[in-house]
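Working notes, beginning with the structure itself.
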Amino acid sequence: MSGERGEGGGTEFQRILETLRTRIADGTYAIESHLPAQRELAEELGVSRDTVQRVLRELNNEGWIKSRQGSGSRVVKSPTHLENPKQEAPRVRATLGTFIARAFAQPTVRLDVFTLTSESLDAHIRLQSERIRLRELSPERIELRMLLPDASLELPYPRAKTRASEEEREPGQLAWLNEQLQERLRAIARRHTISLRSALRDLKTEGLVPFVRMEVRHVPLAPAFKLYLRPEAEALFGPYEVIERSILLEDETEVDALDVLGLGSTLTRHVNDEGDPDSSGSVFMESMQGWFDSCWEFLAVED
């Protein structure tokens, strides 16, 4: 296991991974562009080349970059990447970045969120926080309610894949791998929840936003979808698609697993039509807001 540690107590692997994810999300590394060479990244970020290699391998596994020996690493996907504008009939879809930007353009920012880890939300709210610091935005209130799965819940993903050839594993090894994968997911959720709290608290502490409230509750539900609501305005909805991928544990064990990629979820936008309560958007908004409120009141336990 690497002994490198970051200022916040997390591994340097996680710090560099989140740094590169953020740069992809905010367009620093645009679609089809090449990342800097491994040696350059290592020198800039103050870590070993081995750590950079591990981070690039993780980004490659997650589908954000393609790495080829001798050709470097190229960005192929971004959390803010829109559909191809040349499509004749583009699907009805949206991105979280534009949704959060619309929310933060209002005097009162209200968000209700049900998600697996809040990783995507953290990245985009931090981008809006920087816009507030640059005086591009000036909301008066920020209110965030977030539902996350209970930490004691045994989720169906991520799970180590099993094959007939793996029946020779030592007793308990599969269970150990699954627990390590589940703890990795829980650690990601904790890290981004702390990061979100810090980002929003700092806005209030620095006097940039007069009122800030973030509430987190846990529910005994395994998310089959992610949901972002701007109450009475609009919603984003996206199912979690199960995929096969390689996951690198902190002790450098590489596990072939069944997992979901929240950053890559296809989101559809639904808009409340105040003039037509029977429109599909209005009905969707009413039903999903009712679902969220009922879970918040009757099932959720405070963080």
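Every number here is computed from the coordinates shown, using simple stated rules; none is lab data. Note that the structure is a prediction, hence the values are computed from the model and not measured. Neighbour counts run over all protein chains shown; Cβ positions are idealised from the backbone, glycine included.
Structure values in brief
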| item | result |
| --- | --- |
| Stretchable slack from T28 to F211, in nm (0.36 nm times residue separation minus alpha-carbon distance) | 62.8 nm |
| Cα-based Rg and Dmax for the chain, where Dmax is the largest Cα-Cα distance (Å) | 20.2, 64 |
| Cα gyration tensor shape for the range 175-252, rounded if a/c is under 1.5, else prolate or oblate | oblate |
| Relative contact order, percent, the chain [alpha-carbon distance under 8 Å, six or more residues apart] | 18 percent |
| Counting DSSP beta bridges with both ends in the chain, the antiparallel % (nearest 5) | 65 percent |
| Cα-based helix-to-principal-axis angle, 119-133 vs the chain, degrees rounded to 10 | 60 degrees |
| Residues Y228, Y157, sorted so that the one with the fewest Cβ neighbours within 10 Å comes first | Y157, Y228 |
| For the range 12-55 versus the range 226-303, the gap between their alpha-carbon centres in whole angstrom | 28 Å |
| Diffusion coefficient, µm² s⁻¹, Stokes-Einstein with Kirkwood Rh over alpha-carbon pairs of the range 12-75 at 10 °C and 1.306 mPa s | 138 µm²/s |
| Loop-located GluC sites (Glu not before Pro) in the range 199-293 whose Cβ has at most 16 other Cβ within 10 Å (DSSP) | E206, E232, E241, E250, E252, E274 |
| Crossing angle, helix 49-62 versus the chain [Cα axis fit, 0-90 degrees, rounded to tens] | 60 degrees |
| Exposure proxy ranking, count of Cβ atoms within 10 Å, fewest first, for D278, D259 | D278, D259 |
| Whether the range 176-221 is rounded, prolate or oblate, judged on the alpha carbon gyration tensor where a/c under 1.5 counts as rounded | oblate |
| 222 nm mean residue ellipticity, helices alone, for the chain (DSSP H n ≥ 4; -39,500 (n - 2.57); rounded to 500) | -11500 deg cm²/dmol |
| Rounded FRET efficiency, nearest 0.05, which uses the C-beta distance separating S246 from K204 and R0 of 51 Å | 0.80 |
| Solution diffusion estimate, µm²/s, Stokes-Einstein, the range 154-303, Kirkwood Rh from C-alpha pairs, 4 °C, viscosity 1.567 mPa s | 70 µm²/s |
